[in-house]
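Enquirer: The following block contains the structure, expressed as structure tokens.
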Amino acid sequence: MSDWNQFKRDPQHSGVRRDLESPDRVTTSWTVELAGMAGSPVLDTDTVFVGSERGNLYAFDRETGRRRWVFEATDSIDATPVVTYGGVYAATDDGTVHALDPGTGDPIWRTELPAALESALAFADGRLYVAHDAGLSAVDGETGALAWTHDTDSVAAAPAIDPDRRRVYVGTDDGQVCCLEDAGGEAEEAWTAPTDGVVAAPPTIADGRVYTVDDDGTLLALDTETGQTWFSYEIRATFTSSATVLPEEGTTFVGADDGYLHVTDTRFGRRKVRGWLFSKKGIELDGDVLASPVVAGDTVCVADATGSVYGVSATDYDLLWYVDVEDQVARTPALAPNRLYVPADDRLLCLEWSTDESR
């Protein structure tokens, strides 16, 4: 299994692989066209999986882009899937979860959710966690049986999971972050915390905090145990990506519809990018940042709505490189050694770079 098997790599939504070589001299290796807008891809050892809004889930060879199989659903299947040793799990907008054989695409089981799908899937300890219009459900990954459903206001984004504590963190349409404890056969509410608006992107868990953003322009860092606010950072725009956090650098990166990748510290939420006289809110890009930033080595990979993909230093915030993929990047890419898989409109691209040793 790969190190990027669900949205932003793992159940905590870290989006970070500091173990990888930092990208340099980035070029396009291959491009494939899809039927409809592409979702966020996920990876196993040799395959990249990606869904589309027209109901197709694709499996492509990671090295060549050759199509291995395609599964055709009856509704949009562009929510980020999950891949494990046991199967590929994908859900359609109408609330059906499909388990497929990763090698062939053959169906294993299917389960109907209580309501229409709301977000990407999350996976931890053999369970899928799926947000829908009626709340949140836990589904057994082996059988497809519903373990429990927690009724709440519509969940606004994919849940983040802390497997060690068996805790699930979700944001809702009514402006709440909710922490649930997975007690096996039911979910118990541990705490709730208010936000300033509708939660706009999936939460991120890092270093004992859960980071969440809303459409009113507020980034919150909350204590994972209590829900206490560590800091808030406000902008005059709407946050449009989830936060990507580097605890060892004390830095948070998050995109917004003002064309900036915002950069804050993790202690007080203060701006970290310095200008001539005053601190700057972040790195200015060519367009709105709709996809969440991801980190390879010491480089932040971030894309914008104009089709530009950038490499930014994770430590001094300099622009290192730039690639034009020509179409809007609205979904989060996936990282692998020397490769970045980028969904751009109705295409999936593989960007690659050489290691220092090979150069």
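The values are calculated or read from the model by the stated rules, or taken from the named source; none is laboratory data. Note that the coordinates shown come from a computational prediction; the quantities given were computed from them, not determined experimentally. Cβ coordinates were reconstructed from backbone atoms using ideal geometry, including for glycine residues, and neighbour counts include every protein chain displayed. Protein only, heavy atoms only, side chains kept; ligands, DNA and RNA dropped before computing areas. Shrake-Rupley method; radii C 1.70, N 1.55, O 1.52, S 1.80 Å.
Enquirer: For segment 287-330 and segment 213-242, what is the centre-to-centre distance using only Cα atoms, to the nearest Å?
Expert: 22 Å
Enquirer: Of the options Cys350, Thr238, Val82, report the single residue whose Cα projects farthest towards the positive end of the charge dipole of segment 16-352 (beta-carbon charges: Lys, Arg +1; Asp, Glu -1).
Expert: Cys350
Enquirer: Taking 0.36 nm per residue of separation and subtracting the Cα-Cα distance, what length does fully extending Thr315 through Asp125 add?
Expert: Taking Thr315 through Asp125 to full extension adds about 65.0 nm, to one decimal.
Enquirer: Give, to the nearest whole percent, the P(r) tail of the chain beyond 33 angstrom, counting all Cα pairs.
Expert: 22 percent
Enquirer: Provide the per residue accessible area, probe 1.4 Å, for the chain, rounded to a whole number of square angstrom.
Expert: For the chain, the per-residue accessible area is 38 Å².
Enquirer: Rank by packing, highest mean first: peptides 14-21, 332-339, 313-320, 114-121, with packing defined as the count of other Cβ atoms within 10 Å averaged across residues.
Expert: 332-339, 114-121, 14-21, 313-320
Enquirer: Need the C-alpha centroid separation for segment 46-94 versus segment 175-207, integer Å.
Expert: 28 Å
Enquirer: Given the options Trp69, Trp276, Trp30, state which has the largest fluctuation in a GNM of the chain using a 10 Å cut-off (strictly under) for Cα springs.
Expert: Trp276
Enquirer: Then there is this: How much length would be gained if the chain were fully extended between Asp46 and Arg236, taking 0.36 nm per residue of separation minus their Cα-Cα distance, in nm to one decimal?
Expert: Result: 64.1 nm gained on full extension.
Enquirer: Another question, if that's okay. In a GNM of the chain with a 10 Å cut-off on Cα contacts, which of Val342, Val245, Val139 has the highest mean-square fluctuation?
Expert: Checking each option, the largest mean-square fluctuation is seen for Val139.
Enquirer: Another question, then. Taking one equal scatterer on every alpha-carbon of segment 11-100, how large is log10 of I(q)/I(0) by Debye at q = 0.10, 0.16, 0.17 1/Å?
Expert: These q points yield log10 I(q)/I(0) values of -0.28, -0.70, -0.78.
Enquirer: Roughly speaking, what is the stretch gain from Arg67 to Thr229, that is 0.36 nm per residue apart minus the C-alpha to C-alpha distance, in nm to one decimal?
Expert: Length gained between Arg67 and Thr229: 53.7 nm.
Enquirer: Same structure again: Per residue of segment 57-74, in order, report the coupling 6.51 cos²θ - 1.76 cosθ + 1.60 (Karplus, θ = phi - 60°) as ³J(HN,Hα) in whole Hz, putting x for Gly and Pro.
Expert: Running phi through 6.51 cos²θ - 1.76 cosθ + 1.60 with θ = phi - 60° gives 10, 10, 10, 10, 5, 5, 7, 10, x, 5, 6, 9, 6, 9, 9, 9, 9, 9 Hz.
Enquirer: Now a separate question. Heavy atoms only, probe 1.4 Å: what % of the accessible area of the chain goes to carbon and sulfur, would you let me know?
Expert: Values: 5600 of 13770 Å².
Answer for the chain: carbon and sulfur cover 41 percent of the accessible area.
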